[in-house]
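Just so it is clear, none of the values below were taken in a lab; they were calculated from the coordinates. Just so you know, these numbers come straight off a predicted model, no measurement behind them. Glycine also receives a Cβ, built like all others from the backbone with ideal geometry; neighbour counts cover every protein chain displayed.
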Amino acid sequence: MFEELLQGWDGEEAVIRYDAESGAWMFVCVHSTARGPAGGGTRLRVYPTPADGLADAMRLSSAMTRKMAVADMPLGGGKAVLAVPKLPEGEARRRLLLRYGRLVASLGGTYRTAGDMNITPADLDVVSETCPWVFGSTGHGGNSGRGTARGVLHGIHASVEHIFGSPDLDGRSVLVQGAGSVGRDLARDLAEAGARVLVADVDEKQAARVASEVGGELIPAGDVLRTECDVYAPCAVGGTLSAATIPTLGCRIVAGSANNQLVEPEDAARLHAAAILYAPDYVINAGGVLQLLGLEERGWDEAELERNLAGIGDTLRGLYRDAAARFAALVRLSHGSSAPHEALGNVYDAVGLTDLAAAERQRAHQIAREP
Ligand code: PHE
């Protein structure tokens, strides 16, 4: 299983360790060091099988490569997954994190870690006892969820502006899927901006808590996709957008923090065909990277950080405007031809959106084959 997965992956190296004391599998995937040492978070999760954990680490590390490039950071992409039989607590958790820190330290700085699902700044404090390559511990950049949430808020404003003509969120409905460290902050900021906030989580108690905190509405986890709303903000696990789910969506915009929201690159074209605006995940969710690397490496203060987080909105505005203008012009010029899609693919490639580029090329290919 591992062998097959690794052979189909375009990353540089993967480290696999089995930890007998906890029953955990540790997967450290270094996708690319072309821009610098690989940076990414550590995800702690229970997976159906260890291979699912490795597959997640591989995909997440590729997303980090794109995210670092879009955020213009001098780092490559990597990611680590601790696939555990159940979420560890207390001493057992501490010992696992210390051993994990030793593993990352042994890589000599090739992979540098922050947090991801189920890993807090306090956990990263423990990892940093045995590893010098840690971002986001309590004394340093802290919880990257707040920067991620703030970047997504700017991205939602920009996306709403593109579709409705004004960035104003007053009365706009936004469904936040996942009430964790990003979703909770985002729900609060959205409510403050006057949005109608809908909250869902697989942990319904947590969703209810956050919904009542922000004066939002609770949505059953199973109803998320079909719920009518202006913006769907996936802020939990990835893979919610696919050939099967896209036709059922009740939203006009997808703009959220989850990594790897598309099951396959062609889903970008499916969203386009369904007239749903999609904020590419690795563009809109780069706020955590900006927060930790900005504060820890670049010496930014909070004001400088906020300017850069607002830049996520500007990046998306530019992207939407360029794409729409170029595409409209090209379609006018050559009706029924594959050229516009090829050209848009080149535009996407030029700004590093390789999966959107692939989707356009696929469309161009289809048109070229149609009689
Ligand atoms: N969980 C964060 C993300 O996916 C991980 C991260 C934050 C990595 C900050 C590096 C720096 O973006």
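What the table below lists for this structure:
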read-out	value
Cα-based reach from K205 at 30 Å (exclusive), listing lysines while leaving out same-chain residues under 8 positions away	K79, K86
In order through the stretch 63-80: 3J(HN,Hα) via Karplus (6.51 cos²θ - 1.76 cosθ + 1.60), integer Hz, x for Gly, Pro	4, 5, 4, 5, 5, 4, 5, 5, 7, 6, 9, x, 10, x, x, x, 6, 10
Top of A105, A207, A80 by mean-square fluctuation, Gaussian network on the chain, Cα under 10 Å	A105
The chain: relative contact order as a whole-number percent, Cα under 8 Å and 6+ apart	13 percent
Cα-only Debye scattering, the stretch 187-258: base-10 log of I(q)/I(0) at q = 0.13, 0.29 Å⁻¹	-0.35, -1.55
Whole-number Å³ per residue for the convex hull built on Cα positions in the stretch 61-157	119 Å³
When the convex hull of its Cα atoms is projected in every direction, mean area for the stretch 26-81 (nm²)	3.3 nm²
GNM top mover of Y278, Y47, Y232 - the chain, alpha-carbon springs below 10 Å	Y47
Where the Cα pairs of the stretch 5-118 fall when distances are cut into 10 Å bins, in %	15, 49, 29, 6
Among 254-263, 20-29, 329-338, the order from most to least packed when residues are scored by Cβ within 10 Å on average	254-263, 20-29, 329-338
Length-normalised contact order of the stretch 35-178 in % [C-alpha pairs under 8 Å, at least 6 apart]	23 percent
Calculated from backbone phi, Karplus (6.51, -1.76, 1.60) coupling profile of the stretch 181-191 in Hz, x at Gly/Pro	5, 7, x, 5, 4, 4, 4, 5, 4, 5, 4
In sequence order, calculated HN-Hα J values of the stretch 276-285 (Karplus, 6.51, -1.76, 1.60; Hz; x Gly/Pro)	10, 7, 10, 7, x, 4, 6, 8, 6, 9
Chain lengthening between T138 and E302 when straightened (0.36 nm per residue, less Cα-Cα)	57.4 nm
Value of D in µm² per second that Stokes-Einstein yields for the stretch 245-354, Kirkwood Rh from Cα pairs, at 37 °C (0.692 mPa s)	208 µm²/s
Coarse-grained scattering of the chain at q = 0.07, 0.09, 0.11 Å⁻¹, given as base-10 log I(q)/I(0) from a Debye sum over alpha-carbon atoms	-0.30, -0.50, -0.75
Nearest-0.05 FRET efficiency for R321 and Q366, computed from C-beta distance (R0 35 Å)	0.85
The chain: angle of helix 287-296 to the longest principal axis, Cα-based, in degrees nearest 10	50 degrees
Cα centroid separation - the stretch 34-108 against the stretch 157-235, whole Å	28 Å
